[in-house]
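The values are calculated or read from the model by the stated rules, or taken from the named source; none is laboratory data. Since the structure is predicted, the reported quantities are computational estimates derived from the model, not experimental observations. Cβ placement follows ideal geometry from the backbone for every residue including glycine, while neighbour counts extend to all protein chains displayed. We work out accessible area using only protein heavy atoms, side chains counted, and drop any ligands, DNA or RNA first. Shrake-Rupley method; radii C 1.70, N 1.55, O 1.52, S 1.80 Å.
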Amino acid sequence: MKNGKLKSIAVFSLAIAMALSVVVLSVSNAVLLRPPLARDADRLVTLYTVANNHAKESFSYLDYEYIRDHSRIFSGVAALGYDYYRYAASYGNHDEVATVNALSDNYFGVMGIQPLLGRFFTSGDDRRHVPAAVLTYSCWKRWGADPGIVGKTVTINRYPLTIIGVSPKALIAPVFGLGADVIVNLGAPARIGGASLDDREERSLLLLGRLHAGTTRRQARAEVRVLWSQLAAAYPKAERNRTADLTSATLLAPDEMETARLILAVLIAAALLTLSIACANAANLMLALTTERRQEALIKTVLGASRWRLIGEFLKETAVLCAAAGVLGYAMALAALAFLSRFEAQVPVIGSVRIAADLHPGLLVAALTLALIVLASIGSGLAPALYASQPNLASALSGEIAIGGTRRGVIRNTMVVIQVALCTLVLVGTGLCWRSLDNLRRVDPGFSGRRIVMIFPDTEGLSKDQGFRLQDEMRRLVKQIGGVESVSLVRSMPLGGFGGNDFAHEEIRLTDGPASGQKAFAYSTAVDQDYFSTLGIRVLAGRPFRSSDMENSAEVIVINRFMAEQYWPHQDPLGRTIRIAHRLLTIVGVAADGKYGDLDEPQLPFMYHALGQRYQSDVTPIARTKGDPRLWVEPISRAMRQSGLKLPLPPVTMESWMNLTLFYPLLALASVGGLSIVGMLLATAGLYGAISYSVGERGREIGIRVALGARPAQLMQLLFRETLRIAGTGVLAGLALGVAASAIFQSQFYGIHRLEWYVLTPVAMAMMAVSLAIAFASGWRWTRMNPMDAVRHA
């Protein structure tokens with residue numbers, strides 16, 4: 001009965017660790033290795049450009065057309081919009097926010113995908129701007145699975161599209177990210193995700209090429225570089241300082257691979273460490289079982305069995321247990337992956353999202369699982385097998401057990417040290433993720449996000465006069481709500497994070513000062529006169545915008561301090577002018593620096609245009625309230641809707657918006673934290689089992705000590721001293737590994753030092769406290785027993 005219980009614990013702990021490993025490996029396989037859904041997917045490659053700063057960038061539609069029409073290596077080249085979009089969608093009685101992807105009209109043909117219903121786009125649809133839409137299978141099912149849906153109309157962001165087909169169930173989304181609902185061609189209007197087809201400067205497309213049979217990637221790379229050199233020669237201004245390259249086609253774009261590799265590498269390391277903890281745990285349990293079988297091993301040795309044969313028998317038994325754990329863990333992982341593939345989460349601003357990949361393990365992960373089972377069998381069974389296969393005949397014949405007991409104790413203590421060290425390392429990793437996230441939260445963004453509500457009205461499709469009137473109406477509607485202190489309008493908000501940023505990247509020419517005539521680049525947005533006061537951005541010099549800064553007045557601009565110091569060092573930039581295209585702008589103010597794209601970005605030159613002088617149809621009203629901004633979300637929504645405005649997304653607080661930029665750090669922390677909790681539980685169970693078994697073996701000794709007058713406090717002190725020696729060794733080893741890991745990954749975390757005492761100290765104290773608590777729980781019963789009972793039950 002006792003043996004069965006120990007075996008069950010070993011199998012269950014290994015199964016949990018196996019399941020976590022399979023899940024992490026499956027996600028890594030889906031993200032980093034698996035190609036998009038396509039026929040003969042191994043012949044697909046992803047094309048990208050590389051700028052001078054080594055950043056991987058996309059293509060314009062004109063670039064795509066040239067490569068598509070002049071390539072001889074590729075049987076087809078397709079393009080897809082790199083970004084995803086969330087728009088208000090209406091079909092029948094269904095009104096919701098849908099995810100829209102834009103693809104070139106030949107995408108499905110190049111991929112070799114057949115429709116479930118209807119047809120896909122045809123050649124020339126992009127240039128003809130055909131108002132057509134393809135629904136994904138999940139969207140079609142959600143909207144009633146009407147077999148006669150082809151030919152009906154769906155409205156996206158107030159733009160009607162004819163439904164021409166439904167994609168197969170396997171196509172969740174063209175690129176990894178959010179699962180798609182509606183797919184349009186690249187010739188669709190920009191208001192529903194289409195691309196600019198004739199702007200060579202707008203690079204927003206990812207290219208996928210299908211190689212002819214028998215051609216190699218080396219040949220394709222050479223041809224792509226030749227084609228790009230031709231483009232660069234023909235359009236030196238647009239294509240300069242760039243080269244073209246290609247890589248294996250995966251569900252991720254090339255510029256996202258580095259971030260994905262980092263996050264998944266951390267997760268794989270944490271999962272394998274958790275599996276190692278489970279193996280050490282199982283090894284300790286197996287050691288307890290093999291100890292009781294020393295007599296059996298002794299008899300077999302006397303009968304002539306070799307040590308290698310005994311080791312093989314013990315390893316076979318361990319392999320059976322690990323195989324059972326592997327099968328159970330694999331089944332648990334399949335259930336978890338099926339759940340993740342269907343999982344939908346509510347993300348602020350974006351709304352409901354689901355993973356755009358079918359997270360099944362695949363043959364590669366299945367093969368890796370078999371390898372993990374083999375490694376777990378060796379890791380869990382080798383030490384117990386080596387111990388049990390070397391019976392000491394002299395000690396057994398004389399009735400002595402000291403030699404074997406000492407060696408057994410060394411092996412068990414070594415397993416405990418390994419468990420504690422690995423668990424400490426995982427906890428240090430979690431602490432580093434938390435510390436990095438906390439450092440990001442403490443970054444000064446340059447504005448005050450407290451008490452701010454953001455509104456996302458549907459303002460597309462209006463003329464300039466209609467747009468200006470609507471903007472004035474939105475200001476009035478929001479400002480008349482009680483408790484609203486100020487209202488402002490902005491084209492693009494800072495720190496969009498996971499939701500993306502939409503700042504303009506403008507080329508400017510300095511017209512005076514020491515760098516007169518020099519070309520430069522700066523990001524920009526358009527804001528109204530109350531923007532700086534509403535967001536609490538300090539104007540360090542000059543003035544903010546005024547209501548008189550309109551189209552018929554001289555064009556003005558406000559720059560940030562970094563831009564002023566970079567181009568007019570030790571000089572007053574006020575009154576200076578810059579030229580953007582054919583417009584001359586006068587600097588009237590200098591605002592404080594801030595964070596615009598991400599919290600961990602370096603300082604950037606940034607400009608603010610006056611919204612009254614540079615009309616923008618798509619603006620975001622922001623309101624500063626007198627109290628908790630969440631209390632004003634519903635009143636603002638109600639006022640907007642009562643006035644006839646549509647809100648594709650509900651208003652959100654600035655804090656929710658800023659959390660989007662922390663999406664990836666939060667994801668890493670949640671994932672590593674979850675693995676560390678599992679590892680901690682496994683290590684605690686293993687530590688408790690080892691200490692309890694060790695204390696039980698010393699029951700006779702404890703009874704004798706009690707009989708000689710030892711008090712419970714003295715006995716607990718003895719147990720604590722032994723536990724501190726073993727656990728302390730493991731903690732020190734884990735901290736050393738943690739310091740090495742923090743040095744290796746220091747550049748990947750924000751504000752992390754090589755010796756992060758704010759992480760190392762709490763982790764060490766927590767591990768030691770857990771170890772002492774386990775020692776107390778394990779020894780309390782024995783220190784309170786009657787001496788004769790202790791001796792009798794030992």
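Data overview
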read-out: Accessible surface, the stretch 239-285, averaged per residue in Å² (probe 1.4 Å); value: 34
read-out: FRET efficiency for L375 and A335, using Cβ-Cβ distance with R0 set to 35 Å, rounded to 0.05; value: 0.90
read-out: S747 versus L262: modelled label distance in nm, points set 7 Å from Cα along the beta carbon direction; value: 1.0
read-out: Net length gained if the chain between V410 and R307 were fully extended (0.36 nm per residue, minus Cα distance); value: 35.0 nm
read-out: Largest-first principal axis extents of the Cα set of the stretch 176-221 (Å); value: 41, 29, 16
read-out: Residues of type aspartates and glutamates that K519 reaches as a straight line, Cα spacing below 12 Å, ignoring anything fewer than 8 places off in the same chain; value: E506, E507
read-out: Area of H360 that stays accessible when all protein chains are in place (1.4 Å probe, Å², to 10); value: 80
read-out: For peptides 84-90, 306-312, 212-218, 556-562, sequence by mean Cβ density within 10 Å, most packed first; value: 556-562, 84-90, 306-312, 212-218
read-out: Heavy-atom surface of the stretch 595-694, accessible at 1.4 Å and reported per residue (Å²); value: 40
read-out: Solvent accessible area, Å² - L682, 1.4 Å probe, full protein context; value: 10
read-out: Local electrostatic count at L495 - Lys and Arg +1, Asp and Glu -1, tallied over other residues with Cβ under 9 Å; value: 0
read-out: Contour excess over end-to-end distance, with Cα ends at F343 and A713 and 0.36 nm allotted per residue; value: 127.9 nm
read-out: Carbon/sulfur fraction of accessible area - the stretch 475-616, other protein chains in place, 1.4 Å, %; value: 48
read-out: Nitroxide proxy distance, nm - points 7 Å out along Cα→Cβ at A581 and R538; value: 3.5
read-out: Paramagnetic reach from D40 (point 7 Å along Cα→Cβ, amide N under 11 Å) across the stretch 191-212; value: 210-212
read-out: Gyration tensor verdict on the stretch 99-159 (Cα atoms; rounded if a/c is under 1.5, prolate if a/b is larger than b/c, oblate otherwise); value: oblate
read-out: Largest to smallest accessible area among V23, V182 [probe 1.4 Å]; value: V23, V182
read-out: Candidate residues D572, D95: accessible-area rank, largest first, probe 1.4 Å; value: D95, D572
read-out: Accessible area expressed per residue, the stretch 1-144, with surrounding protein chains retained (probe 1.4 Å, Å²); value: 42
read-out: Cβ-derived FRET efficiency at R0 51 Å, V739 paired with S196, nearest 0.05; value: 0.50
read-out: Using a Förster distance of 51 Å, the FRET efficiency for L681-K141 (Cβ separation, nearest 0.05); value: 0.85
read-out: Under 13 Å, Cβ to Cβ, from Q529 - net charge with Lys/Arg +1 and Asp/Glu -1; value: -1
read-out: Length gained when the stretch R721-K152 is fully extended (0.36 nm per residue, less Cα-Cα span); value: 197.1 nm
read-out: In sequence order, calculated HN-Hα J values of the stretch 671-680 (Karplus, 6.51, -1.76, 1.60; Hz; x Gly/Pro); value: 5, 5, x, x, 5, 5, 5, 4, x, 5
read-out: Net charge dipole size for the stretch 135-279 [Lys, Arg +1 and Asp, Glu -1 on Cβ; Debye, nearest 20]; value: 200
read-out: Highest-first arrangement of 730-740, 538-548, where packing means the average Cβ count within 10 Å; value: 730-740, 538-548
read-out: Of K464/K595; K464/K626; K595/K646; K152/K464; K237/K464; K595/K626, pairs whose Cα-Cα distance is over 27 Å; value: K464/K595; K464/K626; K595/K646; K152/K464; K237/K464
read-out: Within straight-line cross-link reach of K7, lysines at Cα separation under 26 Å, skipping those fewer than 8 residues along the same chain; value: K300, K316
